[in-house]
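First the structure, in the form of structure tokens, and then the observations on it.
No value in this document is a laboratory result; all are computed from the given coordinates. Since the structure is predicted, the reported quantities are computational estimates derived from the model, not experimental observations. Neighbour counts are summed over all protein chains in view; Cβ atoms, including those assigned to glycine, are modelled from backbone coordinates with ideal geometry.
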Amino acid sequence: MRLLIVEDNVELAELLAKGLQTAGFENDVLFTASDARAALTATRYAAVILDLGLPDGDGLSILREIRHRNDPIPVLVLTARGSVDDRVGGLRSGADDYLVKPFAFEELVARLQALLRRPGQLLGSSLHVANLVFDTESRQAFIDDKPHIFSAREVAVLEILMRCQGRVVSKRQVEDQLFGFAENIASNAIEVYIHRLRKQLADCGARVQIHTMRGVGYIMTENK
Ligand code: CA
């Protein structure tokens with residue numbers, strides 16, 4: 001699965017590209033409207049992150065063109081224009097979602113995942129860490145190509161750790177992933193799921209490790 005990032009602020013574009021790749025999204029970065037137009041007609045992307053203020057044109061016109069040719073590709077608009085009129089205009093032009101700069105990177109990832117999870121969208125990708133593979137569409141984990149059964153909650157934890165491979169996932173992120181906004185979560189609930197997942201992964205020979213960073217969160221790494 002490959003994303004297209006269209007953002008003329010080089011620093012921000014590189015930050016996004018790097019972060020998204022770490023989160024499991026391969027991506028291409030383009031800085032101009034004309035390059036974006038060419039790429040979008042030549043390549044099939046899973047989603048586009050589109051800045052509106054581009055040096056050679058307005059992202060909104062690209063967005064209108066995409067929708068004009070009935071291309072259903074999810075588009076997340078990224079912009080400094082935060083007024084209600086701007087947002088409504090963006091959504092009317094066919095944006096699926098809208099993020100106003102500055103934004104938290106975690107929020108961008110969460111929104112992208114939500115877009116890609118919509119029916120008809122291709123999260124037909126798989127996440128890989130060492131010999132562990134997770135198919136995000138069938139929600140099935142494989143170790144050395146053999147399917148392995150995890151509970152739904154273990155799968156949810158596995159997915160977020162794999163998406164953020166090599167990066168710390170806060171306890172809060174795991175909690176949100178598992179329980180949403182449910183209240184009264186037992187204080188050790190997350191540790192319990194992590195512990196179970198860790199044990200199962202070890203038992204079936206997955207060459208990955210889940211480290212606990214005390215007071216910070218968890219991180220999955222390849223076990224070399
Ligand atoms: Ca810009």
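Summing Lys, Arg as +1 and Asp, Glu as -1, what charge do residues with Cβ under 15 Å from the Cβ of residue 150 carry, residue 150 excluded?
Values: positive: 139, 146, 153, 196, 198, 199; negative: 135, 154, 159, 203.
Result for the neighbourhood of residue 150: +2.
On each of the three principal axes of the Cα atoms of segment 2-117, give max minus min coordinate, whole Å, ordered largest first.
33, 32, 30
Using Cα atoms only, what is the angle between the long axis of helix 33-42 and the major principal axis of the chain, expressed in degrees (0 to 90) to the nearest 10?
60 degrees
Evaluate 2.2 N^0.38 Å with N set to the residue count of the chain, then give the Cα radius of gyration divided by it. Before the final figure, lay out the partial values.
Numbers: Rg = 18.9 Å, N = 224, 2.2 N^0.38 = 17.2 Å.
It is 1.10.
In percent, how large is the relative contact order of segment 126-222, given Cα pairs closer than 8 Å and 6 or more residues apart? Intermediate results must be reported in sequence, preceding the final value.
Working: 133 pairs, mean separation 30.8, N = 97.
Normalised by residue count, the contact order of segment 126-222 is 32 percent.
If you take all C-alpha pairs in segment 126-222, what percent of them are over 22 Å apart? It would help to have the intermediate numbers written out before the result.
Numbers: 981 of 4656 pairs.
In whole percent, the long-distance tail amounts to 21.
Students often get this wrong, so check it: of 18/146; 18/101; 146/224; 199/224; 171/224, which have C-alpha atoms separated by over 22 Å? Before the final figure, lay out the partial values.
Details: 18/146 31 Å; 18/101 18 Å; 146/224 20 Å; 199/224 17 Å; 171/224 25 Å.
From the list (18/146; 18/101; 146/224; 199/224; 171/224), the Cα-Cα distance tops 22 Å for 18/146; 171/224.
Given an 8 Å cut-off on Cα distances and at least 6 residues of separation, report the relative contact order of the chain as a percent.
Numbers: 355 pairs, mean separation 33.9, N = 224.
Averaging sequence separation for qualifying contacts and normalising by length gives 15 percent for the chain.
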